Amino acid sequence: MKNIINGFFLCMLFLLLCLVHSGNAIDPFSYSNSLRTECLMKPPRSSETQGLLLFNRSVEDDSDQEWEIEANGVIREMSQRIELHQGNIYSFSAWVKLREGNDKKVGVVFKTENGRLVHGGEVRAKQGCWSLLKGGIVPDVSGLVNIFFESDDEEAKISASNVLLKRFSKEEWNQKQDQLIEKIRKSKVRFEVTYQNKTAVNGAVVSLIQTKPSFLLGCGMNFRILQSQGYRKWFASRFKITSFTNEMKWYATEKARGRENYTVADSMLKFAEENEILVRGHTVLWDNPKMQPSWVQKIKDPKDVMNVTLNRINSVMKRYKGKLTGWDVVNENLHWDYFEKMLGVNASSRFYNLASKLDPGVTLFVNEYNTIENPKEVTASPIKVKKKMEEILAYPGNQNIKGAIGAQGHFGPTQSNLAYIRSALDTLGSLCLPVWLTELDMPKCLNQEKYIEEILREAYSHPAVKGIIIFGGPEVSGFDKLTLADKDFKNTQTGDVIDKLLKEWQQYSSEIFKIFITDAENEEEEILLLHGHYNVNVSHPWMKNLSTSLSLEVTKDIGQRQVVRVVFNI
């Protein structure tokens with residue numbers, strides 16, 4: 001904590017404070033901005049005249065000014081404080097740059113009246129150009145706060161411009177989420193049902209069943225599924241993607257050198273395949289020295305470590321080639337560096353290179369914890385995870401690998417900082433690679449079902465997130481944090497939330513729409529559908545010879561709508 005405190009700088013004297021419910025300069029839900037906000041020569045000028053918290057430029061001032069923050073290495077109290085109210089969500093944004101040096105972290109920190117430090121977001125800043133710092137706070141109590149910038153270099157000299165604090169009620173935040181979900185997860189589909197002479201089929205009925213969703217909400221699975229028919233039935237009726245918790249890991253499949261045993265993992269994969277459940281591989285290697293097989297930990301010769309490691313990669317990836325949707329190649333390789341210490345600083349990059357060659361079609365993840373769930377994280381913060389992936393992709397031969405980001409999501413038993421989660425996902429998503437929440441859980445606590453739903457909806461409403469896997473299950477599964485059903489497979493309150501979202505996000509086949517064309521002058525009907533594959537049946541309730549079926553894939557097509565034309569030949 002002392003090192004962090006020493007990195008704080010004098011910050012933000014609030015010359016103008018205007019917290020209102022109108023628009024703002026940087027909308028926290030405007031993901032398109034986050035892809036184009038690094039290294040701009042000039043920060044965008046806001047057209048807003050209200051609802052902004054601005055420094056070094058009054059509302060009437062049309063000149064370009066910046067606020068200089070000098071380094072002094074300590075916190076200095078401000079003469080003006082900001083009052084935050086429990087129950088609201090506050091988004092923060094500022095354009096920042098360095099006046100000296102290059103590529104340093106700049107973050108925002110909120111200091112409460114009792115001295116608690118709440119980290120709200122960060123960005124990599126550079127000299128001579130502006131980067132957008134986004135984040136925020138969800139206060140657990142009402143009260144006054146001071147706001148500071150921080151840096152990983154206590155001598156850094158920072159300039160800031162267009163500093164903004166924006167207040168949202170929970171209802172307003174949820175409304176923004178819903179609006180974005182409509183935009184990023186759904187597309188308009190127009191149905192035209194006609195006879196050969198192009199007149200509408202009056203009374204036609206269009207029925208749709210989604211058979212394969214584009215976005216997947218999955219669940220972790222462990223060996224206990226092989227021991228319980230009830231667990232298997234419960235799981236297969238809900239989920240279409242999974243990760244095994246331990247069963248594919250090195251220490252589980254090769255407990256003694258040269259004695260590989262994939263029996264449990266193979267049986268679990270067979271169950272998944274029989275029930276059309278996709279499997280995300282976890283994990284080829286784990287960079288934690290304590291998580292190597294016990295016999296590997298005893299090897300001191302780097303050449304021998306390389307030999308057994310290459311054998312592990314070849315063995316597990318060839319065995320499951322073409323059978324998995326993704327792989328965590330070197331798990332948690334920011335928090336840990338076992339292979340880097342034993343085999344060199346580029347060890348992870350080399351292993352991703354080999355993995356891509358062994359299974360070119362599989363998605364290869366950098367998978368870390370505390371990236372979105374802990375704003376205080378130093379080791380695996382969003383900007384560092386992004387940098388790690390950039391390093392892997394920059395390694396010779398890795399430019400075209402199918403990379404992805406895995407944010408584990410082991411949240412604490414409290415209200416999560418939704419504004420920070422959104423800014424963290426912005427940072428991870430700026431690589432234009434898929435982002436997944438891969439191990440989402442939370443300890444048992446009061447309001448667990450509420451907190452989990454908030455996190456899931458936050459992720460679902462972010463364009464960078466392509467899927468979520470929760471680590472939970474019925475009581476028999478042994479998942480003791482997110483227990484979704486009791487010993488009789490009756491839902492807990494958290495289980496009710498998961499089932500509600502599975503239904504809302506159409507994660508399993510069911511009839512979801514019936515369109516009735518009743519006006520002979522109306523040749524088309526338009527609906528908004530979640531992205532995915534559908535079986536479509538077009539029929540007529542009293543003309544039995546009018547019936548046809550077809551397959552439909554609804555995809556994202558910006559600015560366009562899909563048109564489905566059905567012509568009855570009578």
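Conditions (1) over 30 Å from T309 (Cα atoms); (2) touching a Pro at 6+ places or on another chain (Cβ under 7 Å); (3) in the same structural domain as G281 (by the TED database); (4) of a type in the set (S, T, N, Q), marked per residue:
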residue: K176; (1), (2), (3), (4): yes, no, no, no
residue: V201; (1), (2), (3), (4): yes, no, no, no
residue: S207; (1), (2), (3), (4): yes, no, no, yes
residue: K212; (1), (2), (3), (4): yes, no, no, no
residue: L217; (1), (2), (3), (4): yes, no, no, no
residue: G220; (1), (2), (3), (4): no, no, no, no
residue: R232; (1), (2), (3), (4): yes, no, yes, no
residue: R257; (1), (2), (3), (4): no, no, yes, no
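Here's the yes/no breakdown for (1) among the aromatic types (F, W, Y); (2) assigned to a loop (DSSP other than H, G, I, E, B); (3) farther than 27 Å from I405 by Cα; (4) within 10 Å of the chain's Cα centre (by Cα):
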residue: E454; (1), (2), (3), (4): no, no, no, no
residue: R457; (1), (2), (3), (4): no, no, no, no
residue: H462; (1), (2), (3), (4): no, yes, no, yes
residue: V476; (1), (2), (3), (4): no, no, yes, no
residue: F479; (1), (2), (3), (4): yes, yes, no, no
residue: L484; (1), (2), (3), (4): no, no, no, no
residue: G495; (1), (2), (3), (4): no, no, no, no
Q) Is it true that E192 is among the acidic types (D, E) and open to solvent by less than 20 Å² (accessible area, probe 1.4 Å)? A) no
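Yes/no matrix, rows are residues, columns are (1) crowded, with 21+ Cβ neighbours inside 10 Å; (2) in a helix (DSSP H, G or I); (3) in contact with a strand residue (DSSP E or B) (Cβ under 6 Å, 6 or more places away or on another chain):
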residue	(1), (2), (3)
W336	no, no, no
E340	no, yes, no
V345	no, no, no
Y352	yes, yes, yes
T371	yes, no, yes
P375	yes, no, yes
T379	no, no, no
K387	no, yes, no
Q: Check whether at least one residue in the stretch 241-248 is hydroxyl-bearing (S, T, Y) and part of a strand (DSSP E or B), and report yes or no.
A: yes
Q) For the stretch 154-172, how many residues are of a type outside the set (S, T, Y) and either under 25 Å from the mean Cα position of the chain (by Cα) or surrounded by fewer than 15 Cβ atoms within 10 Å (Cβ to Cβ) (or both)? A) 9
**Q.** Subset of the stretch 416-443 [crowded, with 16+ Cβ neighbours inside 10 Å, part of a loop (DSSP other than H, G, I, E, B) and not hydrophobic (A, V, I, L, M, F, W, C)]
**A.** S416, N417, S430, P434
Q.
So if I check each of L324, L269, which one is assigned to a helix (DSSP H, G or I), out of contact with any helix residue (DSSP H, G or I) (no Cβ under 8 Å at 6 or more places or on another chain) and within 20 Å of T438 (Cα to Cα)?
A. L269
Q | Residue match in the stretch 173-185 (condition: acidic (D, E), free of Cβ contacts under 8 Å to residues at least 12 places away in the same chain and surrounded by fewer than 22 Cβ atoms within 10 Å (Cβ to Cβ)) | A | no
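The values are calculated or read from the model by the stated rules, or taken from the named source; none is laboratory data. Computed from a predicted model, the values in this text were never measured in an experiment. Cβ: placed from backbone, ideal geometry, glycine included. Neighbour counts: every protein chain shown. Just so you know, the surface numbers come from the protein's heavy atoms only, side chains and all, with ligands and any DNA or RNA stripped out. Shrake-Rupley method; radii C 1.70, N 1.55, O 1.52, S 1.80 Å.
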